[in-house]
Structure formats: structure tokens, C-alpha cells
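Chemist: Sharing a structure here in C-alpha cells format.
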Amino acid sequence: MKFKHLLMSGLIMALAGMFVVGCNENPVDNPDPDPTTVEPATGLQALSKNGAVMLQWTASTTTGVTYTVEYNEKGSTDKTTLADATSPLEVTSLTNGTIYEFSVTAVKGTESSTAATIEWAPADRYTTDTDPGSAVLRIYEKSAPTGKGSGLIIDPAKGGPSNESVANGVIGNIQLVADVQGNQIIIGPGNAPEFNGIFNNWGNFDDNVQVSDVSEPTSGLNAWYLDSKLGDLFTTSRKSAYTIANQQAGNQGVAFAFRLGSAGSFKYGKVFIVPGTNGQLVQNDGNNYIVLEISFQNTQGVPYAK
């Protein structure tokens, strides 16, 4: 009996030893849980302000994220980081005419998404006429008295745009012209064919002006974001005018882009026709007129001015 007891004890100890060795030879690690996949922000868009760029984006589909925005002058490695950013975001203290690279990254804990990126540049913004300096920027109907011009010259060297009488045969650099009527506006490059026969000096106006393929209703320059450079709006190199109804749906204004000069050295801009308090684009002070706001990129070859 004693021998059988010892034999049984030995078998038990041997089996226990095999179990321990087996465990040590094949350790079982508890795997780390899969890291959270953070989906990126999408639809990144931008617009130009004076010394600033506005950004907006569509939120990540991942819940509980924050957003980090980084930006730098194009070609520079010196980045500025803005944590906990929200859309829309105004990035300030920028230099007009300088192209910046922007990125937006969604962040959750230690994980980050791929970055949404865009290039953009701030631009000059004009709402007043340089002659006289404090006046709202207007273009009048062609029958308005001398001094209430129906043409526009965009000349930042003189402090910004000024309206000019198209009856002045000396002026040959009028760039935008409008035929302001009671129920519609015909507006476009000074040399647009629609103005031939309407303005006697039509052949003298600047013929190096193009406008975007289409105009579109919007509530203002600060509402018209784009996801690609302004140059992409000129696929037809349009030099003809738009015919725009006096009143738009929702009492919105109308905007379009323009560019001056020639390929490789264009200067880009945007025009917004501002609606009056009654929602109509054509306003009246005894003569019909329209009010304009202009964003203009005075640096050649920089296709961002919106």
C-alpha cells in the first residue's frame, strides 16, 4: 500500500511538472485591442479675407474627435499649429498675396486621421470707392449724369477700385462695365460684345479681362467657399457679360470671379453684387445703380482671391 501511494504521488507530481513546462513553453499573451481608426474631416474649403483665410470642413464620422489645424507658407517647414479648432475657422495675421498650405487632422486620444489639405492665400477686400474715398462702391446706369460712372477700374496702386464714366473717351482701362436696368443687370468685362453699341467708347475698354464660366447667387463673399483654386472657374476663358435678374431667390446677392492680364500673370478677383434692404440688386437714388464688394489678389499668378 505504501508503495502504491508513493507511485501515485510521483505520477501526480510528474503531470504537474509537465503542465508547468507546457505553460512556459507556450505562453499566451493577451493581445492589445485594435487601435481606433479615426476617419478624416472631408470637404475642406477656403476663402480669402484681408490678411486672413477662412476654412471650413465636414466633420469626421468618428465620434468624440477634436481637430488640429496646421499651416505654413508654401515651401516652408515652419508650421503653426492650432489645437482644438472648430469649423468655420478664421486663420489671421497672414500676408496678402502669400500662398499658405493648410491641413486639418481629426484626433481622438493618441490616434489621428489622415490630413485634409488645401492651399490658399489672403487677398485685398474693397467695399468703398477711391474717388471719393468714403463712398460705397457703385456702378450706375449708363444714363446717369457725369460723375456717376457705369464702369469700374480696379487699381490697388491708387488705393482700390473706382467707378468711372464710360463717356470719358480718355479712359481706356475700364475693366468691368454694367448696364443697370430696372429689372436686370448686364455686367461683365469692359470689352464684352454685349456692350458694343450700348457704350460709345466700347472699343477703348480693357480687352484683357475674363470672367468665370458662371455667376451664382450667394449671401456674400464670406459665404462663397471653394475647394480648389479660383483659376478652375475659368474653363471657357469667358469674355462675355452676364444677364442677372434684379431679384434672386431668398433675396441673395450674386457673385462671380474675374481675372486680369494674360496666362501666367493673371491677377484674380471676385465681385459680389450686394442686395438692397428690399432684397433687390438694383437700387436707386434718383438713378439706378448696383453696390459691389470686391476681393482682389494683387499678386500676379496667385489664383486665390475669394
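Chemist: Can you find a residue in segment 207-227 that is among the β-branched types (V, I, T), at pLDDT below 95 and loosely packed, with under 14 Cβ neighbours inside 10 Å?
Modeler: no
Chemist: Hey, can you tell me all the residues within segment 66-84 that are surrounded by fewer than 18 Cβ atoms within 10 Å (Cβ to Cβ) and within 12 Å of L55 (Cα to Cα)?
Modeler: Within segment 66-84, E70 is the sole residue that qualifies.
Chemist: Test A192 against the criterion of being surrounded by 13 or more Cβ atoms within 10 Å (Cβ to Cβ), at pLDDT 90 or above and either closer than 30 Å to T42 by Cα or out of contact with any strand residue (DSSP E or B) (no Cβ under 9 Å at 6 or more places or on another chain) (or both), and give yes or no.
Modeler: When the stated conditions are applied, A192 does not pass them.
Chemist: Would you be able to say whether some residue in segment 82-89 is more than 30 Å from L292 (Cβ to Cβ) and assigned to a strand (DSSP E or B)?
Modeler: yes
Chemist: Can you confirm whether T42 is among the polar types (S, T, N, Q) and over 30 Å from A257 (Cα atoms)?
Modeler: For T42, the condition - among the polar types (S, T, N, Q) and over 30 Å from A257 (Cα atoms) - is not met.
Chemist: Within segment 212-220, is there a residue that is in a strand (DSSP E or B) and among the hydroxyl-bearing types (S, T, Y)?
Modeler: Yes, segment 212-220 contains at least one residue that is in a strand (DSSP E or B) and among the hydroxyl-bearing types (S, T, Y).
Chemist: Moving to a separate point now. Of all residues in segment 266-298, which are within 14 Å of G231 (Cα to Cα) and either part of a loop (DSSP other than H, G, I, E, B) or charged (D, E, K, R) (or both)?
Modeler: F266, K267, K270, Q297
Chemist: Then there is this: Somewhere in segment 260-283, is a residue in the same structural domain as P156 (by TED's automatic domain parsing), of a type in the set (S, T, N, Q) and either under 18 Å from V177 (Cβ atoms) or touching a strand residue (DSSP E or B) at 6+ places or on another chain (Cβ under 7 Å) (or both)?
Modeler: Yes, some residue in segment 260-283 is in the same structural domain as P156 (by TED's automatic domain parsing), of a type in the set (S, T, N, Q) and either under 18 Å from V177 (Cβ atoms) or touching a strand residue (DSSP E or B) at 6+ places or on another chain (Cβ under 7 Å) (or both).
Chemist: With the checklist (1) over 16 Å from I154 (Cα atoms); (2) crowded, with 18+ Cβ neighbours inside 10 Å; (3) assigned by TED's automatic domain parsing to the domain that holds S212 in hand, flag the one item P303 doesn't pass.
Modeler: The single condition P303 does not satisfy is (3).
Chemist: Out of the residues in segment 261-284 that are among the aliphatic types (A, V, I, L, M) and modelled with pLDDT of 95 or more, which is surrounded by the most Cβ atoms within 10 Å (Cβ to Cβ)?
Modeler: For segment 261-284, the residue satisfying everything is V271.
Chemist: OK, next. How many residues does segment 285-297 contain that are closer than 29 Å to T98 by Cα and either modelled with pLDDT under 90 or crowded, with 22+ Cβ neighbours inside 10 Å (or both)?
Modeler: Residues meeting the conditions: 5.
The values are calculated or read from the model by the stated rules, or taken from the named source; none is laboratory data. Keep in mind it's a predicted model, so treat the numbers as computed, not measured. Cβ coordinates were reconstructed from backbone atoms using ideal geometry, including for glycine residues, and neighbour counts include every protein chain displayed.
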